[in-house]
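This report concerns only the one structure given below.
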Amino acid sequence: MYQVRVRIWVGAAPGVCFDVARSVEAHVASAGRSGERVVGGRTAGLLEVGDEVTWEGRHLGVRRRLTSRITEMRAGAFFQDQMVRGAFRFLEHDHVLRRGREGR
């Protein structure tokens, strides 16, 4: 199994970051290079537990679709989505938000 970790330091309150991370519109706005768009499920707003969304975009020259479901959430700190349909055998994506060093 492969694991990818990405850390991003943002100069904003954790609650603001949490809402942006689960915003369908923010994701679409950030995915311009792949032309990613929503083609099914929740098409706008903030994702909540149980929501499913199907994304379509061009990655590595191939148009792909992936449907994920929000499976777990702790308000302001964490949420997880898991692929329910797509090109991979398994995909689980954890979004962990916490205060940086200066916020301790």
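The values are calculated or read from the model by the stated rules, or taken from the named source; none is laboratory data. Predicted model only: the values in this text are computed from it and were never measured. Heads up, the Cβs are rebuilt from the backbone with ideal geometry, glycines too, and the neighbour counts pull from every protein chain shown. All accessible areas refer to the heavy atoms of the entire protein, side chains included, with ligands and DNA or RNA removed. Shrake-Rupley method; radii C 1.70, N 1.55, O 1.52, S 1.80 Å.
Could you tell me whether Ala75 is small (Gly, Ala, Ser), over 14 Å from Arg22 (Cβ atoms) and open to solvent by 60 Å² or more (accessible area, probe 1.4 Å)? Criteria not met by Ala75. For the stretch 29-104, the strands (runs of 3 or more DSSP E) that sit wholly inside it and include 3 or more residues that are under 26 Å from Tyr2 (Cα atoms) and not polar (S, T, N, Q) are 52-59, 62-74, 78-85, 92-96.
Residue-wise test of (1) of a type in the set (D, E, K, R); (2) in contact (Cβ under 8 Å) with a residue 12 or more places away in the chain; (3) touching a strand residue (DSSP E or B) at 6+ places or on another chain (Cβ under 8 Å).
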{"position": "Val10", "(1), (2), (3)": "no, no, no"}
{"position": "Arg37", "(1), (2), (3)": "yes, yes, yes"}
{"position": "Arg42", "(1), (2), (3)": "yes, yes, yes"}
{"position": "Glu48", "(1), (2), (3)": "yes, yes, yes"}
{"position": "Arg64", "(1), (2), (3)": "yes, yes, yes"}
{"position": "Thr67", "(1), (2), (3)": "no, yes, yes"}
{"position": "Met83", "(1), (2), (3)": "no, yes, yes"}
{"position": "Ala87", "(1), (2), (3)": "no, yes, yes"}
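I'd like to know if the stretch 15-29 contains one or more residues that are exposed (fewer than 14 other Cβ atoms within 10 Å of the Cβ), within 14 Å of His93 (Cα to Cα) and within 13 Å of the chain's Cα centre (by Cα). Scanning the stretch 15-29 turns up no residue that is exposed (fewer than 14 other Cβ atoms within 10 Å of the Cβ), within 14 Å of His93 (Cα to Cα) and within 13 Å of the chain's Cα centre (by Cα).
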